[in-house]
Amino acid sequence: MEIEGRTILITGANRGIGQALVTEALSRGVNRVYAGTRGPLAHPDGRVTPLTLDVTSAAQVQAAAASVGSLDVLINNAGIALYDDLSDRAVLEQHLAVNLFGTYGVTQAFLPLLTRSRGAIVNNVSTMALAPFPLTPAYAISKAAAFNLTQSLRALLAGRGVRVHAVLTGPTDTDMTRGFDIPKASPGSVARAIFDGVENEEEDIFPDAMSRSLTDSWRNGAVKAMERENAAFVPAEPSAA
Ligand SMILES: NC(=O)c1ccc[n+]([C@@H]2O[C@H](COP(=O)([O-])OP(=O)(O)OC[C@H]3O[C@@H](n4cnc5c(N)ncnc54)[C@H](OP(=O)(O)O)[C@@H]3O)[C@@H](O)[C@H]2O)c1
């Protein structure tokens, strides 16, 4: 899928990777970017349409879907990551509300438009979906669930022509990783790699040096093979009358 000329919605578009995705989308010649944000957003490029969108608010999600006429690519990027030790159920629920149910709710709301355009869904997950980091276990659980959601959606929507990508992002230099003294990719390089992956039709996108080290073993591994075998159980879509 070429990004040029497309209409794209990015959640969590005001800072970090989301902001970089907006910039990269514009530089690839998109027709329109809907920038989903919780607060007000002003952008100098006329192709950017701000959209009030707290992904945990069913009312805002519905209002946003009603205000968008057509959509080619949905990027579920909004996310939270808090330190915890799994002792407080509320912290786990908070992560699931944004990172899992936010992704789920926004996807369901925009699915009719994406089905019509035979478009794409891009879920910004994390390498922690595969291996948790024990200082943010609630975050890792929510990302593992969001990745599994992505895999099921991929199988369920293939017959409708909607591609579903997971981005297994590694450490990236944003507010989310402030205080972690580890090598980090720049948000701009991650955004470029995400759109490259969508254009190259990569199901699972590894957008930085750390995550890229997993690419071959993931793509050629037994778990990926099992995902494909399981996907074959989805009944074929009834052909249009
Ligand atoms: N940075 C990394 O190392 C890394 C690694 C793997 C995956 N990721 C994933 O990449 C995505 C972007 O992360 P980032 O690093 O750019 O983080 P960030 O700089 O902390 O930005 C998070 C974004 O999500 C938005 N957000 C949070 N809760 C929201 C809600 N309820 N509704 C709508 N928007 C909400 C924030 O909006 P506000 O400004 O309103 O808070 C902000 O725009 C996340 O899904 C994250 O899990 C990041």
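The values are calculated or read from the model by the stated rules, or taken from the named source; none is laboratory data. As the structure is a prediction and not an experimental result, all values here were calculated from the model. Neighbour counts are summed over all protein chains in view; Cβ atoms, including those assigned to glycine, are modelled from backbone coordinates with ideal geometry. The area values use the complete protein model at the heavy-atom level, side chains included, leaving out ligands, DNA and RNA. Shrake-Rupley method; radii C 1.70, N 1.55, O 1.52, S 1.80 Å.
Each residue in the stretch 10-37 was checked for being touching a Gly at 6+ places or on another chain (Cβ under 9 Å), under 24 Å from Pro171 (Cα atoms) and either away from the ligand (no atom under 11 Å from the Cβ) or open to solvent by 30 Å² or more (accessible area, probe 1.4 Å) (or both), and 4 pass. Residues in the stretch 22-72 that are over 23 Å from Leu96 (Cβ atoms), of a type in the set (S, T, N, Q) and out of contact with any strand residue (DSSP E or B) (no Cβ under 9 Å at 6 or more places or on another chain): 2 in all. The residues of the stretch 39-64 that are under 13 Å from Val106 (Cβ atoms) and either within 17 Å of the chain's Cα centre (by Cα) or open to solvent by less than 40 Å² (accessible area, probe 1.4 Å) (or both), listed by number, are Leu51, Leu53, Asp54, Val55, Thr56, Ser57, Val61, Ala64. Of the residues making up the stretch 148-203, those that are in contact with a helix residue (DSSP H, G or I) (Cβ under 6 Å, 6 or more places away or on another chain) and either of a type in the set (Gly, Ala, Ser) or away from the ligand (no atom under 15 Å from the Cβ) (or both) are Gln151, Ala155, Arg160, Val162, Val164, Ala166, Gly170, Gly188, Ala191. Close Cβ contacts (under 7 Å, 6 or more residues apart or on different chains) running from residues in the stretch 73-85 that are hydrophobic (A, V, I, L, M, F, W, C) to residues that are part of a loop (DSSP other than H, G, I, E, B) and open to solvent by 30 Å² or more (accessible area, probe 1.4 Å) comprise Val73/Arg6. The C-beta contact set for the stretch 53-68 (first residue touching a residue at least 24 places away in the same chain (Cβ under 8 Å) and within 19 Å of Asn31 (Cβ to Cβ), second residue among the β-branched types (Val, Ile, Thr) and open to solvent by 30 Å² or more (accessible area, probe 1.4 Å), distance under 9 angstrom, 6+ apart or interchain) comprises Ala64/Thr52; Val68/Thr49.
Among residues of the stretch 152-168 that are over 21 Å from Gly79 (Cβ atoms), those with a Cβ under 9 angstrom from a residue that is in a strand (DSSP E or B) and open to solvent by 10 Å² or more (accessible area, probe 1.4 Å), sequence gap 6+ or separate chain, pair up as Leu157/Arg163.
Number of residues in the stretch 182-195 that are within 27 Å of Ala231 (Cα to Cα) and either loosely packed, with under 15 Cβ neighbours inside 10 Å or touching a strand residue (DSSP E or B) at 6+ places or on another chain (Cβ under 6 Å) (or both): the value is 1.
Could you tell me whether the stretch 210-217 includes any residue that is in contact with a Ser or Thr (Cβ under 6 Å, 6 or more places away or on another chain) and open to solvent by less than 10 Å² (accessible area, probe 1.4 Å)?
Checking the stretch 210-217: at least one residue is in contact with a Ser or Thr (Cβ under 6 Å, 6 or more places away or on another chain) and open to solvent by less than 10 Å² (accessible area, probe 1.4 Å).
Rundown of residues vs (1) assigned to a helix (DSSP H, G or I); (2) touching a Phe, Trp or Tyr at 6+ places or on another chain (Cβ under 9 Å); (3) among the β-branched types (Val, Ile, Thr), yes/no style:
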site: Ala131; (1), (2), (3): no, no, no
site: Leu135; (1), (2), (3): no, yes, no
site: Ala140; (1), (2), (3): yes, yes, no
site: Leu149; (1), (2), (3): yes, yes, no
site: Val164; (1), (2), (3): no, no, yes
site: Asp181; (1), (2), (3): no, no, no
site: Gly197; (1), (2), (3): yes, yes, no
